[in-house]
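Chemist: First the structure, then my questions, so here it is.
Computed from the coordinates by the stated procedures, all read-outs in this text should not be read as laboratory data. These numbers come from a predicted model, not from an experiment. Neighbour counts are summed over all protein chains in view; Cβ atoms, including those assigned to glycine, are modelled from backbone coordinates with ideal geometry.
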Amino acid sequence: MKKVKATMQDIANQAGVSKTTVSMVLNNKDSSISDTTRKKILEIAEEMNYIPNSIARSLSTNKSGTIGIMVPDITNPFFSEIARAIEDAANKYDYNVIFCNLDNEIVKEDKYVKLLVSKLVDGVIFITGGNSDKSIDILKGNNVPFVFVDRYVKGYEQYYGVYSLNKEGMTEGIDYLYRNNKRKIVFVSGDPNLGVSKLRYEGYKEAMEKYGLYNEELIFEGDFSLDGGKKVTKDIIEQIKDFDAIFFSNDLMAIGGMKVLVKNGYRVPEDVGIIGFDNIQIAEMMEPGLTTIGQPIYDMGKEACELLIGFIHGEDNNEKIIRFKPKLIVRDSV
Ligand code: RIB
């Protein structure tokens, strides 16, 4: 017969006490219970490998000690690195995490938001940037605190969030390329529906106009993915002659682009300079090392988690929005 999970009643029966007594001992509730009884109950619980029923506890306390993390694409190291930081911070405050990969699909987002609410999570960290109004309504309707990270959600720009100063990062990148005598600088955007993509494009445009170099023929639409970077670089090679640099809106696309350029006989950086955005760990491992605009990925995740946990505990932070300044990371690809 299948061994059923030990319960508090089983412990009570074996110890010859009431279930209430067992509950008080296991929850450290009442010190009026004799040390002998307390010790006996704890020993029996240990022998039975008793594990408290967290769902039952959540139902009674309406707290699960768990937070949900929703990210667009787990295959992009930016998101796995930021999720790692969130998990470290959560564990430091004794929270567990439920990790939801959305694959940029609104249907999956809807499913996961409902799952998180049904699991009584204490809060949610949103890295979506898609059209998340319905998901947000569900969280609000169930009084589940949430914060945004990295990607803006229309209408919630002033809500709890942790972001990078995307435009400033782009300006620093263009200034660096200009100082390295790059003039025909192609720009590859992220997913054009996302706020971060629009801000990076605006940063590129303003900086290029500052030098009198802006030309909309140098603008190409990407999607933040490795394959997207490869595909758009093939289009650039076919359509643009004598370009001397490509500024990709994230590192994954830059990595895909570098491979296509080298396969087509371009030398990096001698023939074309390449710069990315994010500074994911693999950027340093590329040959040549990828020069990029570094986002403080770990700090963004850590701050977002601490902001949410403060919010869960009722701290109505004045500083609801935390913005980090990206930093130019010079390696060898320009
Ligand atoms: O690489 C993924 C991109 O999407 C990053 O630049 C990050 O900012 C996210 O928005």
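Chemist: Which pairs in the list Lys108/Lys198; Lys5/Lys140; Lys210/Lys263 are over 28 Å apart, alpha-carbon to alpha-carbon? Show your work: numbers first, answer last.
Modeler: Numbers: Lys108/Lys198 24 Å; Lys5/Lys140 35 Å; Lys210/Lys263 33 Å.
Exceeds cut-off: Lys5/Lys140; Lys210/Lys263.
Chemist: Here's a follow-up. Any idea how far apart Asn13 and Asp73 come out in nm if each label point goes 7 Å out from Cα toward Cβ?
Modeler: Label at Asn13, label at Asp73, 5.5 nm between them.
Chemist: Shifting gears a bit: In deg cm²/dmol and to the nearest 500, what is the mean residue ellipticity at 222 nm of the chain if only DSSP H runs of at least 4 residues count, each as -39500 (n - 2.57), divided by the residue total? Don't skip to the answer; put the middle values down first.
Modeler: On the way: 12 runs with 148 residues, N = 334.
Taken over the chain, the calculation gives -14000 deg cm²/dmol.
Chemist: Under a 5 Å amide H to amide H cut-off, with H placed in plane at 1.01 Å, what residues pair with Thr7 once short-range neighbours are removed?
Modeler: none
Chemist: Hey, another quick one. Under the 0.36 nm per residue contour assumption, what length would be gained going from the current alpha-carbon distance of Asp88 and Ala6 to full extension? Provide the component values of the computation, followed by the final result.
Modeler: On the way: separation 82, 0.36 × 82 = 29.52 nm, distance 3.10 nm.
My answer for the length gained is 26.4 nm.
Chemist: Using the number of other C-beta atoms within 10 angstrom as an exposure proxy, rank Arg200, Arg323 with the fewest first. Present the calculation step by step, with values, prior to reporting the outcome.
Modeler: On the way: Arg200 27, Arg323 12.
Ranked by crowding around the Cβ, least crowded first: Arg323, Arg200.
Chemist: Efficiency by 1/(1 + (r/R0)^6): what FRET value for Glu157 and Glu270, r their Cβ-Cβ distance, R0 = 45 Å, to the nearest 0.05? Write out the running numbers ahead of the final one.
Modeler: Numbers: r = 42 Å, r/R0 = 0.94.
E between Glu157 and Glu270, to the nearest 0.05, is 0.60.
Chemist: Expressed as a rounded percentage, what relative contact order does the chain have, with Cα pairs under 8 Å and six or more residues apart? Can you show the working numbers first?
Modeler: On the way: 596 pairs, mean separation 56.0, N = 334.
Relative contact order of the chain: 17 percent.
Chemist: On to the next question. DSSP beta bridges in segment 192-334, what fraction antiparallel, as a percent rounded to 5?
Modeler: Details: 3 of 10 bridges.
Percent antiparallel among DSSP bridges in segment 192-334 is about 30.
Chemist: Can you give me the angle between helix 297-312 and the longest principal axis of the chain, using Cα atoms only, in degrees from 0 to 90, rounded to the nearest 10?
Modeler: The two axes meet at around 40 degrees.
Chemist: Using every pair of alpha-carbon atoms in the chain, split the distances into 20 Å bins beginning at 0 and state the percent of pairs per bin, rounded to integers.
Modeler: 28, 43, 20, 8, 0
Chemist: If you take every DSSP beta bridge fully contained in the chain, what fraction is antiparallel? Give it as a percent rounded to 5.
Modeler: If we restrict to bridges inside the chain, about 10 percent are antiparallel.
Chemist: If the label point is 7 Å along Cα→Cβ of Asn131, which residues in segment 96-121 have backbone nitrogen under 20 Å from it?
Modeler: Only 102-114 fall inside the zone, counting backbone N under 20 Å.
Chemist: Once both labels are modelled 7 Å past Cα along the beta-carbon direction, what's the Val330-Asp299 spacing in nm?
Modeler: Going from the Val330 label point to the Asp299 one covers 2.0 nm.
Chemist: Ok, one more. Ranking Ile329, Ile127, Ile275 by Cβ neighbours within 10 Å, fewest first, what do you get?
Modeler: Working: Ile329 17, Ile127 24, Ile275 29.
Ordered by Cβ neighbours within 10 Å, fewest first: Ile329, Ile127, Ile275.
Chemist: For Phe277, list long-range residues whose amide hydrogen, built 1.01 Å from N in the peptide plane, is under 5 Å from its own amide hydrogen.
Modeler: Asn250, Asp251, Ile293
Chemist: Per residue of segment 29-36, in order, report the coupling 6.51 cos²θ - 1.76 cosθ + 1.60 (Karplus, θ = phi - 60°) as ³J(HN,Hα) in whole Hz, putting x for Gly and Pro.
Modeler: In residue order, the calculated couplings are 8, 10, 8, 7, 7, 4, 4, 4 Hz.
Chemist: Another question, if that's okay. Starting at the first residue of segment 10-27, write each ³J(HN,Hα) from the Karplus equation 6.51 cos²θ - 1.76 cosθ + 1.60 with θ = phi - 60°, in whole Hz, x for Gly and Pro.
Modeler: Values, residue by residue: 4, 5, 4, 4, 6, 8, x, 10, 7, 5, 4, 4, 4, 4, 5, 5, 5, 9 Hz.
Chemist: Further question on the same structure: Of Ser249, Ser164, Ser32, how do they rank once you tally other Cβ atoms within 10 Å and put the fewest first?
Modeler: Values: Ser249 31, Ser164 24, Ser32 6.
Arranged by neighbour count, lowest to highest, Ser249, Ser164, Ser32 become Ser32, Ser164, Ser249.
Chemist: Here's a follow-up. Hey, what do the phi angles of segment 243-258 turn into as Karplus ³J(HN,Hα) couplings, whole Hz, using 6.51/-1.76/1.60 and θ = phi - 60°, x for Gly and Pro?
Modeler: Once θ is set to phi - 60°, the couplings for segment 243-258 become 6, 10, 6, 10, 9, 8, 6, 7, 5, 4, 5, 4, 5, x, x, 4 Hz.
Chemist: If you don't mind, there's one more thing I want to ask. Percent of Cα-Cα pairs per 5 Å bin, from 0 to the last occupied bin, for segment 166-295, please list those.
Modeler: Reading upward from the zero bin: 2, 12, 25, 27, 23, 10, 2.
Chemist: Could you give the Stokes-Einstein D for segment 8-52 in µm² per second, using the C-alpha Kirkwood radius, 20 °C, 1.002 mPa s? Don't jump to the answer; show the numbers that get you there.
Modeler: Working: Rh = 10.1 Å.
Stokes-Einstein gives a translational diffusion coefficient of 212 µm²/s.
Chemist: Then there is this: Using Cα pairs under 8 angstrom and six or more residues apart, how large is the relative contact order of segment 22-138, in percent?
Modeler: Values: 117 pairs, mean separation 33.7, N = 117.
Value for segment 22-138: 29 percent.
Chemist: State, as an integer percentage, the relative contact order of segment 8-52 based on alpha-carbon contacts under 8 Å between residues 6 or more apart.
Modeler: 38 percent
Chemist: Label Leu213 and Lys234 with points 7 Å out from Cα along Cα→Cβ: what is the distance between them in nm?
Modeler: In this crude spin-label approximation the distance works out to 2.8 nm.
Chemist: For a quick check: with amide H placed at 1.01 Å from N, whose amide H comes under 5 Å from Arg151's, ignoring anything fewer than 5 positions away on the same chain?
Modeler: Thr128
Chemist: Another one. Looking only at segment 1-33, which residues have a backbone nitrogen under 20 Å from a spot 7 Å from the Cα of Glu47 in the C-beta direction?
Modeler: Counting only backbone N, you get 3-27.
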